[in-house]
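So the structure is just underneath, and the comments pick up after that.
The values are calculated or read from the model by the stated rules, or taken from the named source; none is laboratory data. Please read all numbers here as calculations on a predicted model, not as lab measurements. No Cβ is skipped: glycine too gets one built from the backbone with ideal geometry, and neighbour counts run over all protein chains shown. Accessible surface is based on the protein model in full, side chains and every heavy atom, while ligands, DNA and RNA are left aside. Shrake-Rupley method; radii C 1.70, N 1.55, O 1.52, S 1.80 Å.
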Amino acid sequence: KPLFQDLQRRLSFRIDEASKALETAKQGLLDALVDSTFKFHDQPMLPSEVLHPRNASFHCIHQSQNERPTLAIPQSNFAPVGEISEAIEILQIEGEIPEDFPEGVYIRNGSNPLFGALHSTISILGKSSEVWVEGEGMLHALYFTKNSSATWSVSYANRYVQSETFKIEKARQKPCFLPAIMGDSAAIIAAYILNYMRFGRMNKVISNTNVFEHAGRVYAVSENHLPQEICIQTLDTGDSWDINGEWDRPFTAHPKVAPGSGELVIFGSYTKRPFLIIGVVSADGTQLKHKVDLKLDRCILCHDIGVTLKYNIIMDVPLTININRLIRGDQLIKFEKESYARIGVMPRYGNTESVMWFDVEPFCMFHFINCFEKGDEV
């Protein structure tokens, strides 16, 4: 019996070694295939392809009505900024910080390509390119602290959001994920397949669109993945937030706090059915209190949701994502100007049948300014 157990252990060890060797060989072959077939090129740093206020969010902890101080960082026009190792004290401040300004931190998130530029690839299958909303997420934080002498100490720090795909490319010290949004359909389809075979994901987790706070926790997010918790003191990246395992799809970049209840209204769009799901998270962040499939018949690039005291506002616009269209040689993302558009008014805890839809002319929008109720009108 001891001899048999020893042989079993040895055999198990050998099988594990062989399995690891095969996996390494497979990864090496896939890497060699990509390196020999796809050539990465830096895109020019044009204003339309880099961080811009329309692709950035600024989150205020302890929000103030006073005008926000600004910080200028010398840098080449439109170039990504470098990650600094620790917070830097700001010694030269123009103007004055009001005496009653609240202590706290302002955090901004936005696209900051890891290797200096957005990328395109060229291969025998054609060209595919990253678009201006891509690029790794970088957090920029301004810390305001009042000293015992009633003077202000201000410091600045920045750090990349440490997503799993960021860590992969950081370790390899080169771009690895093939662009898979814009370009020739054959190149994009190949990018999906090869990215998944190599890394288990079809696209990068960029977490570069927003920073939001709920139930005392702060998260960085983009709408192709779950939010990732952020430590506001160190800008360290924590775990992904799936609401205790109850949310299993992409998460909106712009969740909204419901007036009065403090609940968080969220949604997630996906390229296959169910295309759009609305959710309501408890005020303490521990429970998904409501979840409903709106049963849309298309995948829309839905970026924002509106909330009032009692309703959720949904924009069903004809900016669509369609894999079948891509396979036919057309664009993955397209504005279907001959299609339909409508605005949905949904009770906070409503179901699919309770949504009141208003047909409107085809249009496209990304962000709400405001939604409110006045008497019987929304």
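Side notes on the structure shown:
- Ile189 being over 20 Å from the mean Cα position of the chain (by Cα) and of a type in the set (A, V, I, L, M): yes
- Residues of the range 96-120 satisfying the condition of being among the aromatic types (Phe, Trp, Tyr) and either open to solvent by 30 Å² or more (accessible area, probe 1.4 Å) or under 17 Å from Ala79 (Cα atoms) (or both): Phe115
- Scanning the range 186-212 for residues that are in contact with a Gly (Cβ under 6 Å, 6 or more places away or on another chain) and crowded, with 21+ Cβ neighbours inside 10 Å yields Ala187, Ile206, Ser207, Asn208.
Here's the yes/no breakdown for (1) under 17 Å from Lys256 (Cβ atoms); (2) in contact with a Leu (Cβ under 8 Å, 6 or more places away or on another chain):
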position: Ile314; (1), (2): yes, yes
position: Thr320; (1), (2): no, yes
position: Leu326; (1), (2): no, yes
position: Lys334; (1), (2): no, yes
position: Glu338; (1), (2): no, no
position: Arg342; (1), (2): no, no
position: Glu353; (1), (2): no, no
position: Asp359; (1), (2): no, no
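- Screening Thr286, Thr234 for residues that are among the polar types (S, T, N, Q), over 19 Å from the mean Cα position of the chain (by Cα) and in the same structural domain as Tyr160 (by the TED database) leaves exactly one candidate, Thr234.
- Condition met for Ser123 (open to solvent by less than 50 Å² (accessible area, probe 1.4 Å), modelled with pLDDT of 95 or more and in contact with a Phe, Trp or Tyr (Cβ under 6 Å, 6 or more places away or on another chain)): yes
- Gly329 vs. criteria over 16 Å from Asp297 (Cβ atoms) and in contact with a helix residue (DSSP H, G or I) (Cβ under 6 Å, 6 or more places away or on another chain): yes
- Output for the range 322-367, where each listed residue is open to solvent by less than 40 Å² (accessible area, probe 1.4 Å), over 27 Å from the mean Cα position of the chain (by Cα) and hydrophobic (A, V, I, L, M, F, W, C): Val355
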